[in-house]
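Asks: Pasting a structure below so you can have a look.
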Amino acid sequence: MNLAYSFEQKFGRPPRVETLAPGRVNLLGEHVDYNLGVVLPAAIDRSVTLAAAPTSDDIVILNAIDLGEQVSFKLSEIEKRCDIEGKPLPGWVLYPAGVAWSLQRAGVALCGMQAVYTSDVPIGAGLSSSAAVEVAFATTWQALSSWKLDKLSLAKLCQRAENEYVGVSSGLMDQFASACGVEGHVLCFDTRSLEWMPLELPPGTTIVIADSGIRRSLATSAYNDRRSACEQAVELLQKYLPSIQSLRDVSTVEFAAYSMYLPPEIAKRAEHVVKEIHRVDQAIIALNRGDARMFGGFMFACHKSLRDLYEVSIPQLDSLVEIARVLPGIYGARLTGAGFGGCTVNLVEEKNATSFMHGLQEGYCKKTGREAEVYLCRASGGAEARLINSL
Ligand code: ADP
Ligand code: MG
């Protein structure tokens, strides 16, 4: 679809800027971001695309093509969470409005704008469609203004929008990956220091994402339970390891020595996190060596740990991983995202990718009677805005 054309149809003038902001997939380091570990996401070539032009008033008119809806709100009344007629903002508007709220709170001046947007990041599948929307709007407002923030600061302001304006508790990884993606690379992101560097995907490999078609229903309460189990583990372990602030500070050896003092369920949750943080360290070595088989081995190990220790998998995700395990060209597979539905991520030999995708689809249908959507994904660059009409 030609977005500039859609914009012109709706607003009777050409857009000034076109922005693209990708979704992301996490290759390793699952449920470690809120334990201050290192994560290994990549931005993917599925994104939000947005066309916009500034206005001289403080009204923002949003047209969400995929939802077939349009809403207007005033920047000066953003705290009220109401549209210009005083009706409560619908859920989907909270994401862009939250970005405006967060940017304004950070002290930057925003213009009103007309915007149309669409996305091919599936919603609620664990590929961060929401972060892509947020980062697309932040990047667009920046392109239409005279201020400039570095990508990480922009990502942090988007995270704040999601946490405080939308009201969804989440780490910084999603917005970070959408803002900072590097083509052909995994992003090694330390959620404690916020330092990061791109690491090349092993040569000759590609990412395949398989959507189980199951949407996360228990996800929010289970996510909160897991977070609180990790916090309790830290509190209990501090008796023996007084200097620890998070599970990031607990080595695998220390954990082996003291896990016996934790209640069994808390011990299982913490074991996943401590070992996953250690796995990521090893996986970075694998990436530096370009060793796809070694990296893939850690992905399989991660899935097993999420299934048996963290207990966030479901049979359909387990089936996708088990089917993938025996297909030619597979290096590693695991559930990605919070769990309880959504997608698996697979690292696959590039030359076998097409037959792998067919095999996975067929096997999943045979086993579960369901269709899995399977996407070939390229690790992609981060959000970018392009000025298209400077008149
Ligand atoms: P995800 O895991 O995909 O990020 P979330 O529940 O966090 O799922 O966010 C999904 C929400 O983001 C949607 O309900 C909607 O409000 C917003 N969103 C995502 N994609 C679009 C889109 N294409 N158009 C409008 N809003 C969208
Ligand atoms: Mg989200």
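Asks: Considering each residue of the range 351-372, count those that are surrounded by 14 or more Cβ atoms within 10 Å (Cβ to Cβ) and not in a loop (DSSP other than H, G, I, E, B), and give that number.
Replies: 11
Asks: Would you mind listing the strands (runs of 3 or more DSSP E) fully within the range 1-80 where at least 2 residues are touching a Cys at 6+ places or on another chain (Cβ under 8 Å)?
Replies: 41-55
Asks: Another one. So, of the residues in the range 67-81 that are in contact with a Lys or Arg (Cβ under 9 Å, 6 or more places away or on another chain) and open to solvent by 40 Å² or more (accessible area, probe 1.4 Å), which turns out to be nearest to ligand 2 (Cβ to nearest atom)?
Replies: Per the stated criteria, the residue is 70.
Asks: Can you tell me which residues in the range 307-339 are in contact with a strand residue (DSSP E or B) (Cβ under 9 Å, 6 or more places away or on another chain) and polar (S, T, N, Q)?
Replies: 313, 336
Asks: Checking the conditions here, which among 51, 21, 64 is within 14 Å of ligand 1 (Cβ to nearest atom) and surrounded by fewer than 21 Cβ atoms within 10 Å (Cβ to Cβ)?
Replies: Step by step, each of 51, 21, 64 is checked, and only 64 is within 14 Å of ligand 1 (Cβ to nearest atom) and surrounded by fewer than 21 Cβ atoms within 10 Å (Cβ to Cβ).
Asks: Ok, one more. How many residues are open to solvent by 10 Å² or more (accessible area, probe 1.4 Å) and within 16 Å of ligand 2 (Cβ to nearest atom) when one looks only at the range 340-350?
Replies: Going through the range 340-350 one residue at a time, the tally reaches 1.
Asks: Which residues, taken from the range 82-104, are open to solvent by 70 Å² or more (accessible area, probe 1.4 Å) and in a strand (DSSP E or B)?
Replies: 88, the sole residue that qualifies.
Asks: Any chance the range 303-326 includes a residue that's in a loop (DSSP other than H, G, I, E, B) and among the aromatic types (Phe, Trp, Tyr)?
Replies: Yes, the range 303-326 contains at least one residue that is in a loop (DSSP other than H, G, I, E, B) and among the aromatic types (Phe, Trp, Tyr).
Asks: Can you pull out every residue in the range 259-302 that is touching a helix residue (DSSP H, G or I) at 6+ places or on another chain (Cβ under 6 Å) and not in a helix (DSSP H, G or I)?
Replies: Residue satisfying the conditions is 262 alone.
Asks: Just to be sure I understand, how many residues within the range 323-339 are within 16 Å of ligand 1 (Cβ to nearest atom) and open to solvent by 20 Å² or more (accessible area, probe 1.4 Å)?
Replies: Result for the range 323-339: 1.
Asks: Another question, then. Would it be correct to say that residue 300 is without any contact (Cβ under 8 Å) to a residue 60 or more places away in the chain, among the aromatic types (Phe, Trp, Tyr) and out of contact with any Cys (no Cβ under 9 Å at 6 or more places or on another chain)?
Replies: Spelling it out, residue 300 is indeed without any contact (Cβ under 8 Å) to a residue 60 or more places away in the chain, among the aromatic types (Phe, Trp, Tyr) and out of contact with any Cys (no Cβ under 9 Å at 6 or more places or on another chain).
Asks: I'd like the residue in the range 130-148 that is surrounded by fewer than 24 Cβ atoms within 10 Å (Cβ to Cβ) and of a type outside the set (D, E, K, R) and, out of all such residues, is nearest to ligand 2 (Cβ to nearest atom).
Replies: 142
Asks: Identify the single condition in (1) out of contact with any helix residue (DSSP H, G or I) (no Cβ under 9 Å at 6 or more places or on another chain); (2) of a type outside the set (S, T, N, Q); (3) within 16 Å of ligand 2 (Cβ to nearest atom) that residue 41 does not satisfy, given that it satisfies every other one.
Replies: Among (1) out of contact with any helix residue (DSSP H, G or I) (no Cβ under 9 Å at 6 or more places or on another chain); (2) of a type outside the set (S, T, N, Q); (3) within 16 Å of ligand 2 (Cβ to nearest atom), the lone unmet condition for residue 41 is (1).
Asks: For the range 164-175, enumerate the residues that are more than 15 Å from residue 133 (Cβ to Cβ), modelled with pLDDT of 95 or more and within 12 Å of ligand 1 (Cβ to nearest atom).
Replies: 173
The values are calculated or read from the model by the stated rules, or taken from the named source; none is laboratory data. Keep in mind that this is a model prediction, so the values were computed, not measured. Note: ideal-geometry Cβ built from the backbone for every residue, glycine included; neighbour counts use all protein chains shown. All accessible areas refer to the heavy atoms of the entire protein, side chains included, with ligands and DNA or RNA removed. Shrake-Rupley method; radii C 1.70, N 1.55, O 1.52, S 1.80 Å.
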